[in-house]
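Enquirer: This is the structure, below, for whatever I ask next.
The values are calculated or read from the model by the stated rules, or taken from the named source; none is laboratory data. The structure presented is a predicted model; accordingly, all values stated were derived computationally and were not measured. Because the Cβ atoms are built from the backbone with ideal geometry, glycine has one as well, and the counts that use them run over all protein chains shown. Areas reflect the complete protein model, heavy atoms only, side chains present, ligands, DNA and RNA absent. Shrake-Rupley method; radii C 1.70, N 1.55, O 1.52, S 1.80 Å.
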Amino acid sequence: MPDEMREHCAHLSGAMMRTDLDVVDAPGGYIAVDRGQRTFGVFDRARKFVSQSLSYRYDAARHQKIPRRTCLRRAPFITETVLYCGRDMGFHFGHFLLEGLSRIWPVLSDEYRGMKLVFTQNEYAAMPSYGWELLRLAGVHPDDVIMINKSTCFFRVYVPRQSFCIALYASPQFASVMRRIADAARGDALYDKVYLSRAKMGERKTYGEERVQKIFEQNGYTIIYPETLPLEQQIYIAAHCTHMAGCAGTALHLAAFMRPGGTVIQLKRNSAPDDSSMTQALICRMVGARLVSVWASIENTPTPHFTDTPQIIGVTTQMQCFFNDAHFSYDAADIAPNVMAWGEYNIAMERYRARRGSDVSRRIRGMIVRLVGGLIPVATWRRRARHHLRNILHLGR
């Protein structure tokens with residue numbers, strides 16, 4: 001393995017499967033929506049917080065804040081026994097898939113089948129269409145879903161433990177939900193090997209990807225543009241392929257629907273340590289797929305995984321090693337420096353800097369946003385002020 005990839009890949013072996021999932025019973029429980037802190041959770045009848053309702057990411061040091069008891073005042077009462085499913089995560093498909101569905105696993109058992117599911121909302125007026133589609137494929141009827149945007153008391157609240165936690169653990173229960181969805185999906189296209197491309201994503205495209213995906217296409221991979229296909233078709237393709245390749249990101253999370261024994265080839269499109277490799281490793285371990293991580297970034301300015309800064313990939317030394325090991329055929333022109341992609345990338349970077357300013361300027365403006373926001377005592381107002389300031393000062397991610 002090339003030295004540059006050793007440190008990047010070493011931590012992926014820590015992908016953990018968790019099997020000790022349980023469900024906490026909270027008779028007369030409150031599902032809390034604390035608008036001020038943008039937090040959600042469950043309190044029992046005695047208004048004691050149910051810690052299992054916290055939504056974890058990464059590790060315990062980065063979980064959400066516990067909502068304040070004051071948000072329970074004048075909470076309406078609904079005479080239903082419900083399953084707490086947390087926030088709907090409707091702002092992002094990948095997060096809804098991995099987090100929004102993380103607590104619905106009990107509905108696969110007879111004990112909880114047909115029970116109402118409660119999702120909390122704070123910023124969005126409606127469940128996104130892909131959310132309803134995934135729930136339908138999981139066997140959940142829309143009439144069995146309750147959306148709330150204010151604290152509500154129920155006759156009984158069951159609080160399942162998360163079955164998938166980003167960059168921390170996956171579970172057989174989450175795998176069962178994904179398998180239920182995959183088995184229910186219907187489609188009309190079957191491909192053995194697929195490459196999921198970002199090339200048609202407009203401003204969010206990854207520069208240089210067309211040259212790389214062409215090599216995959218020459219070696220038996222069908223190029224798929226996920227955003228151009230219905231979600232059910234995407235799931236169907238993922239469920240029936242044996243090899244899935246593409247740049248790191250949400251599209252590769254479709255590997256959650258693959259069958260055991262497959263291979264996922266993830267191209268690292270940014271050069272900063274921050275990326276989705278651990279989450280992808282969890283998905284692959286959960287479904288019994290092999291993950292191959294390939295360093296593809298050739299950018300000059302290191303970027304994080306989630307950013308609006310332009311990114312560029314190419315045939316790096318590491319990628320060429322992968323091609324050789326996988327017995328890919330290619331010629332010298334395929335791996336030569338991509339002058340056209342570099343030109344597009346440089347133009348995009350110039351536009352980005354013109355819009356956002358220099359690195360030093362962005363850091364200074366970021367300090368201004370934090371300082372001004374810190375002077376505002378109310379959390380909701382502080383969040384809105386910082387959001388508006390970031391827009392006024394042209395600060396991106």
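Residues are listed down the side, and each one gets a yes or a no for (1) among the basic types (K, R); (2) under 20 Å from the mean Cα position of the chain (by Cα); (3) part of a loop (DSSP other than H, G, I, E, B); (4) closer than 30 Å to A46 by Cα:
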{"residue": "F155", "(1), (2), (3), (4)": "no, no, no, yes"}
{"residue": "Y158", "(1), (2), (3), (4)": "no, no, no, yes"}
{"residue": "M178", "(1), (2), (3), (4)": "no, yes, no, no"}
{"residue": "K200", "(1), (2), (3), (4)": "yes, yes, yes, no"}
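Enquirer: Right, next: Report yes if R113 is touching a residue at least 60 places away in the same chain (Cβ under 8 Å), open to solvent by 10 Å² or more (accessible area, probe 1.4 Å) and not in a strand (DSSP E or B), otherwise no.
Expert: Details: touching a residue at least 60 places away in the same chain (Cβ under 8 Å): no; open to solvent by 10 Å² or more (accessible area, probe 1.4 Å): yes; not in a strand (DSSP E or B): yes.
So R113 fails the test.
Enquirer: Now for a separate question. Being aromatic (F, W, Y), assigned to a helix (DSSP H, G or I) and open to solvent by 10 Å² or more (accessible area, probe 1.4 Å): is that true of F322 here?
Expert: yes
Enquirer: Still on this structure: Kindly establish whether Y221 is closer than 25 Å to A326 by Cβ, at pLDDT 95 or above and among the hydroxyl-bearing types (S, T, Y). Spell out the reasoning first.
Expert: Values: closer than 25 Å to A326 by Cβ: yes; at pLDDT 95 or above: yes; among the hydroxyl-bearing types (S, T, Y): yes.
So Y221 fits the description; yes.
Enquirer: Pull out all pairs, ordered by first then second residue, where Cβ-Cβ is under 8 Å, the residues are six or more apart or on different chains, the first lies in region 174-188 and is aromatic (F, W, Y), and the second is in a loop (DSSP other than H, G, I, E, B).
Expert: Between residues of region 174-188 that are aromatic (F, W, Y) and residues that are in a loop (DSSP other than H, G, I, E, B), the close pairs are F174/L101; F174/S102; F174/S163; F174/F164.
Enquirer: Give region 258-301 a look and list any residue that's part of a loop (DSSP other than H, G, I, E, B) and within 18 Å of E210 (Cα to Cα), or say none. I'd like the intermediate steps shown before the answer.
Expert: Going residue by residue through region 258-301, those that are part of a loop (DSSP other than H, G, I, E, B) are 258-262, 269-276, 288-289, 296, 298-301.
Correct list: R269, N270, A296, I298, E299.
Enquirer: Among the numbered criteria (1) open to solvent by less than 10 Å² (accessible area, probe 1.4 Å); (2) within 23 Å of N338 (Cα to Cα); (3) out of contact with any Pro (no Cβ under 9 Å at 6 or more places or on another chain), which one does M178 miss?
Expert: (2)
Enquirer: Can you tell me which of A251, A239, A255 is free of Cβ contacts under 8 Å to residues at least 40 places away in the same chain and in a helix (DSSP H, G or I)?
Expert: So the residue among A251, A239, A255 that is free of Cβ contacts under 8 Å to residues at least 40 places away in the same chain and in a helix (DSSP H, G or I) is A255.
Enquirer: Another question, then. Spot the failing condition for L97; the list is (1) on the phi > 0 side of the Ramachandran plot; (2) outside any loop (DSSP other than H, G, I, E, B), and only one is missed.
Expert: (1)
Enquirer: Can we say I66 is modelled with pLDDT under 95 and surrounded by 15 or more Cβ atoms within 10 Å (Cβ to Cβ)?
Expert: yes
Enquirer: For region 295-313, which residues satisfy the criterion of being open to solvent by less than 20 Å² (accessible area, probe 1.4 Å) and in contact with a Lys or Arg (Cβ under 7 Å, 6 or more places away or on another chain)?
Expert: The answer is A296, S297, Q311, I313.
Enquirer: Would you confirm, using the coordinates I've provided, whether Y195 is crowded, with 17+ Cβ neighbours inside 10 Å, part of a strand (DSSP E or B) and aromatic (F, W, Y)?
Expert: Spelling it out, Y195 is indeed crowded, with 17+ Cβ neighbours inside 10 Å, part of a strand (DSSP E or B) and aromatic (F, W, Y).
Enquirer: Can we say M319 is at negative phi and touching a residue at least 40 places away in the same chain (Cβ under 8 Å)?
Expert: yes
Enquirer: Could you list, in sequence order, all residues of region 348-378 that are open to solvent by 80 Å² or more (accessible area, probe 1.4 Å) and over 30 Å from Q37 (Cα atoms)?
Expert: Scanning region 348-378 gives E350, R351, R353, A354, R355, V360.
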